Amino acid sequence: MTGVSETESGAEGAAELGGGEVGEVAAEQGGADGGAADDQRWLAMAVELATQNVRDGGGPFGAVIVRDGMLLATGQNRVTRDFDPTAHAEVMAIRAAGAALGDFSLAGATLYTSCEPCPMCATASLWARLDRVVFAADRHDAARGGFDDLEFYELLTRDRATWPTVVQPVDLGNRTEPFDTWLETTTRTEY
């Protein structure tokens, strides 16, 4: 893991880490993340990453992941740069934090994000076992900016038959074989 002291790098250093990079920043106030002052501080970093990403030609989303007052990773929206519709800031930060820790569980950590996570990112936060997600702008702000977050939240409450993408099961005789094999494998890593 790369060590980056905030006093050495400030917001500029965080912006350099924005593509899902790893950094470590000692919290000036110490202690675990989650206090109001810490929330403001880390959220401000996420907003700065988002703003810098727009200046660099990307989308207006930034995220940081913090555990025990230490910055684990940052992420910026890389959808258009990487031609990857899943390269949202939150997902990029989750990927980088997991790689830095060598663990898929981010239990004990907080995700700070410049905007309320879309359904994909909210679900990724659940899969990552993050303790908290703290956001600044909300889905209505994202809709005003031309993003589909609000529409996707509403879409998920409707019958799948009304979705623009067809999502359907096909009855396959061995459909449970992967799960049966999983359950029979004693060396599997539970998650």
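The values are calculated or read from the model by the stated rules, or taken from the named source; none is laboratory data. Please read all numbers here as calculations on a predicted model, not as lab measurements. We place every Cβ from the backbone using ideal geometry, glycine too, and count neighbours over all the protein chains shown. Note: areas computed on protein heavy atoms with side chains; ligands, DNA, RNA excluded. Shrake-Rupley method; radii C 1.70, N 1.55, O 1.52, S 1.80 Å.
For the reader, a short list of remarks on this structure follows.
- Rounded D (µm²/s) - region 42-149, Kirkwood Rh over Cα pairs, Stokes-Einstein at 25 °C, 0.890 mPa s: 184 µm²/s
- Cα centroid of region 157-183 to Cα centroid of region 32-108, whole Å: 31 Å
- With all protein chains in place and ligands, DNA and RNA left out, the 1.4 Å accessible area ranks 160, 132, 41 as 160, 132, 41, largest first.
- With protein chains left intact and a 1.4 Å probe, residues in region 69-191 average 62 Å² of accessible area per residue.
- Residues residue 132 and residue 187, FRET efficiency given R0 of 35 Å [Cβ-Cβ distance, rounded to 0.05]: 0.60
- Solvent-accessible surface (1.4 angstrom probe) belonging to residue 123, in square angstrom, nearest 10: 70 Å²
- Vicinal HN-Hα couplings computed from phi for region 110-124 (Karplus, 6.51 cos²θ - 1.76 cosθ + 1.60; Hz; Gly/Pro x): 10, 9, 9, 9, 5, 9, 3, x, 5, x, 4, 6, 5, 5, 4
- Once all protein chains are placed together, residue 120 keeps about 70 Å² accessible to a 1.4 angstrom probe.
- For region 47-149: relative contact order, % (alpha-carbon pairs under 8 angstrom, 6 or more apart): 22 percent
- Residue-level accessible surface for residue 48, protein heavy atoms, 1.4 Å, Å²: 60 Å²
- Dipole in debye (nearest 20) - region 26-152, about Cα centre, beta carbon charges: Lys, Arg +1; Asp, Glu -1: 180 debye
- Accessible carbon and sulfur surface of region 24-162 relative to its total accessible area, %, 1.4 Å: 55 percent
- Filtered chymotrypsin sites (Phe, Trp or Tyr not before Pro), region 38-85: DSSP coil and at most 15 other beta carbons within 10 Å: 83
- Comparing 164, 96, 117 along the charge dipole axis of region 75-167, the residue lying farthest to the positive side is 96, per the Cβ-charge model.
- Most to least accessible of 105, 114 (protein chains only, probe 1.4 Å): 105, 114
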